[in-house]
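Taking it in order: structure first as structure tokens, then the write-up.
The values are calculated or read from the model by the stated rules, or taken from the named source; none is laboratory data. Keep in mind it's a predicted model, so treat the numbers as computed, not measured. Glycine gets a Cβ as well: all are built from the backbone with ideal geometry, and neighbour counts include every protein chain shown. Note: accessible area is taken over every heavy atom of the protein model, side chains too, but ligands, DNA and RNA are not part of it. Shrake-Rupley method; radii C 1.70, N 1.55, O 1.52, S 1.80 Å.
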Amino acid sequence: MKVQKRDGRIAIYDPGKIRAAIEKANGAVEAAERVDQGIIDETIRYVESFSQEVLPVETIQDLIEERLVTHNKYALAKKYMIYRYQRALLRKSNTTDESILKLIRNENKELAEENSNKNTTLASTQRDYIAGEVSRDVTKRLLLPEKISLAHENGVLHFHDADYFIQPIFNCCLINIADMLDQGTVMNGKLIESPKSFQVACIVMTQIIAAVASNQYGGQSVAVKHLGKYLRRSREKYERELQEEFGGTLGQEQQKRVVDIRLRDELRSGVQTIQYQINTLMTTNGQAPFVTLFLQIEPEDEYVEENVMIIQEILRQRIQGTCNEQGVYVTPAFPKLIYVLDECNCLKGGDYDYVTRQAVRCSAKRMYPDYISAKKMRENYEGNVFSCMGCRSFLSPWKDDQGNYKWEGRFNQGVVSLNLPQTGILAAGDEEKFWQILNQRLELCREALMCRHKALLGTLSDVSPIHWQYGAIARMEKGQVIDPYLKDGYSTLSLGYIGLYELTWLMKGVSHTAPEGKEFAMRVMKHLKAATDRWKEETGLGFGLYGTPAESLCYRFARIDRQKYGSIPNVTDKGYYTNSYHVDVREEISAFDKFAFESSFQNISTGGAISYVEVPNMQNNLPAMETLVQYIYDNIQYAEFNTKSDYCQACGYDGEIRVNEDMEWECPQCHNKDRSRMNVTRRTCGYLGENFWNDGKTREIKSRVLHL
């Protein structure tokens, strides 16, 4: 028998702990009220008669109290209850010391590998994590209803970003960069006027990104098309300067050549500024800004040619890579790139197909950019095309007072994710029971999301001037509350979900790619979507259904369920759950079929949807990559590629990285073992996300990677 502790951990049952607790209570009462060893033994046997694979510690304590009362030992039972209450208070009084000390000693492997963009050995990052541990503790004990905290601990749901919940800040956003560049902004009390050149616009944009990232906990997205105006200004400036300096002595062709040379140089420097600034600036949470650049070509845009030049330079520099400390060119983690496919550039004879071919070359070498099909997106979002936010969640359509759609300057209030496989485990194939459990858990998710909303209500614009007063979201006065931007669907609240594949297997005995499985999976997805639509109608808030990569959560839910319910074939035995609606990585399915299948779920999961396929190194097979990109345009809204190319960021080694004899990833060239400085996208167990070894499961997960 195993015991489930209050924090969700599973421990081996130890009868000695029952004996010690009763004996401690014995010592606090008069002799007549005490029990002898025979009754203690009988109480232990009584508890063990309820033997299950896992017994909650609260149940054990209830059984002990019940047995003491049965023997008329009321005073002893009362002392035991007081002792139990005191222990509970002691547990609640301080739950952060050990986690903080482990962090400072660099012993917390789960935190170290939770976010590859954060180096937990750095003092600045440790400071953020220490604050996060305090926030988690206060959130668990004081800020959340107990049932939500318990649901989180038991893997019913996941309350994301509890390490920031103590503060009145939100998740991710689309920065209104056009307004901030055109109208100017304020940072650190200093007025930043509208830029007069492209390079200055790039500098200001990256400073805005860093300031925004320091005052929220999720990512940001920026539409690059707004820089086209400033590249035009630089061209006009060079033309004026040449005219003033040389008058009519330079011929038109000569003047154009000189202007083009100067402009290309400024374009290269400006884009390089973006790349360097984003990768070297550190936000206040100890990491580079989690930013996405949205690359969209709109032929009707006044500055389309300048925009194309900027996109091409971004792709060119990304193909080249960024030098690490050894001077080796590697793929930078940020900025992430999203490239929009439209009629003008979908490789079907459009005027800008040459830009898309450059994007494909970039994907073949550096994995980015991701791709959005404007055609499919217009079908799903009332004819609109816009970027997802940094966390890959999408906004719901919203119109201003003039009836115009608005996307930039909006944000996500927070996320709660649902563990679908656990509902299937409990339902044990009984659909009526499944829908009952699912509805109960959806109500828990709704309550948890409302906690996020209520935590932001009443927040003053002064809490983050860059967001609320100087244009990133709004231009409010000091002292105003941000409530209008939390209501009426302006911002979103996201319901995430994990493990549709495993749920379908549990309920139907087949994958959701099988006809019977897909029919059930679609009913589940539509039920989840109907729930968020109902919540939106009842509250006026912007709820959305959000399916996006969440690799660490895929592991967490699977680990909890395996500990509670044992090893279940094709479900908990894998060590991970499949993310959202995705096809399990072990299924034999072509990239085209995978995209086609998953696209049918994306128009339901409109609060966030991305699909990805793993392809071999495609640098020498660009026609195949181009065919895939063409297919994306016609068939799926949002897609990305993973490649099987490993490399070490420490030395630039670009080859296969293996697990050594100590079961650690090790670069064969420089022998680097720091996972944060490696890119190992080859997954020997088939899993496409990041690898996490967890306390208590280290050998199992590492050996799984090693053996498979």
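Just the residues that are among the acidic types (D, E) and not in a helix (DSSP H, G or I), please, taken from the range 372-388.
Of everything in the range 372-388, just one residue is among the acidic types (D, E) and not in a helix (DSSP H, G or I), namely E382.
Has the range 144-151 got any residue that is assigned to a loop (DSSP other than H, G, I, E, B) and out of contact with any Pro (no Cβ under 7 Å at 6 or more places or on another chain)?
yes
I'd like the residue in the range 180-205 that is open to solvent by less than 60 Å² (accessible area, probe 1.4 Å) and part of a loop (DSSP other than H, G, I, E, B) and, out of all such residues, is farthest from H467 (Cα to Cα).
This residue is S197.
What number of residues within the range 213-244 satisfy the criterion of being of a type in the set (A, V, I, L, M, F, W, C), touching a helix residue (DSSP H, G or I) at 6+ places or on another chain (Cβ under 8 Å) and at pLDDT below 95?
1
Regarding R366, is this residue among the basic types (K, R), open to solvent by 10 Å² or more (accessible area, probe 1.4 Å) and within 19 Å of T292 (Cα to Cα)?
Here the answer is yes, as R366 does meet what is asked.
With the condition kept exactly as written, say whether any residue in the range 454-466 is part of a helix (DSSP H, G or I), touching a Leu at 6+ places or on another chain (Cβ under 6 Å) and in contact (Cβ under 8 Å) with a residue 24 or more places away in the chain.
Checked the range 454-466: at least one residue is part of a helix (DSSP H, G or I), touching a Leu at 6+ places or on another chain (Cβ under 6 Å) and in contact (Cβ under 8 Å) with a residue 24 or more places away in the chain.
Looking at E53, E48, which is the one that is touching a residue at least 60 places away in the same chain (Cβ under 8 Å) and either within 18 Å of R9 (Cβ to Cβ) or not β-branched (V, I, T) (or both)?
E53
So in the range 218-237, with the set limited to residues that are touching a residue at least 24 places away in the same chain (Cβ under 8 Å) and open to solvent by 30 Å² or more (accessible area, probe 1.4 Å), which one is nearest to F386 (Cα to Cα)?
That would be K225.
Looking only at the range 579-605, count how many residues are modelled with pLDDT of 95 or more, assigned to a loop (DSSP other than H, G, I, E, B) and open to solvent by 10 Å² or more (accessible area, probe 1.4 Å).
1
Looking only at the range 615-634, decide whether some residue is surrounded by fewer than 20 Cβ atoms within 10 Å (Cβ to Cβ), under 30 Å from C172 (Cβ atoms) and under 24 Å from the mean Cα position of the chain (by Cα).
yes
Just need a number here: residues in the range 297-316 that are open to solvent by less than 10 Å² (accessible area, probe 1.4 Å) and out of contact with any Leu (no Cβ under 9 Å at 6 or more places or on another chain).
2
Filter the range 322-346 for residues that are under 28 Å from the mean Cα position of the chain (by Cα), more than 23 Å from M389 (Cβ to Cβ) and buried (at least 17 other Cβ atoms within 10 Å of the Cβ) and give the result.
T322, V330
Please pick out the residue among G403, G350 that is in contact with a helix residue (DSSP H, G or I) (Cβ under 9 Å, 6 or more places away or on another chain), part of a loop (DSSP other than H, G, I, E, B) and free of Cβ contacts under 8 Å to residues at least 24 places away in the same chain.
On the way: G403 fails: in contact with a helix residue (DSSP H, G or I) (Cβ under 9 Å, 6 or more places away or on another chain).
None of the other options fit; the residue is G350.
Of the conditions (1) over 14 Å from F601 (Cα atoms); (2) touching a residue at least 12 places away in the same chain (Cβ under 8 Å); (3) more than 26 Å from the chain's Cα centre (by Cα); (4) in a helix (DSSP H, G or I), E537 clears all except one; give me its number.
(2)
Which of (1) buried (at least 22 other Cβ atoms within 10 Å of the Cβ); (2) of a type outside the set (G, A, S); (3) not in a strand (DSSP E or B) is the odd one out, the single condition I169 does not satisfy?
Of the numbered conditions (1) buried (at least 22 other Cβ atoms within 10 Å of the Cβ); (2) of a type outside the set (G, A, S); (3) not in a strand (DSSP E or B), the odd one out for I169 is (1).
Return the residue satisfying two criteria in turn: it lies in the range 525-534 and is in contact (Cβ under 8 Å) with a residue 40 or more places away in the chain and open to solvent by 10 Å² or more (accessible area, probe 1.4 Å), and of such residues it is farthest from K454 (Cα to Cα). Quick ask: steps written out before the conclusion?
If we filter the range 525-534 for residues that are in contact (Cβ under 8 Å) with a residue 40 or more places away in the chain, which is where we start, we get 525-529, 531-532.
Now drop any that are not open to solvent by 10 Å² or more (accessible area, probe 1.4 Å), which leaves 526-527, 529.
Numbers: K526: 27, H527: 25, K529: 22 Å.
The qualifying residue farthest from K454 (Cα to Cα) is K526.
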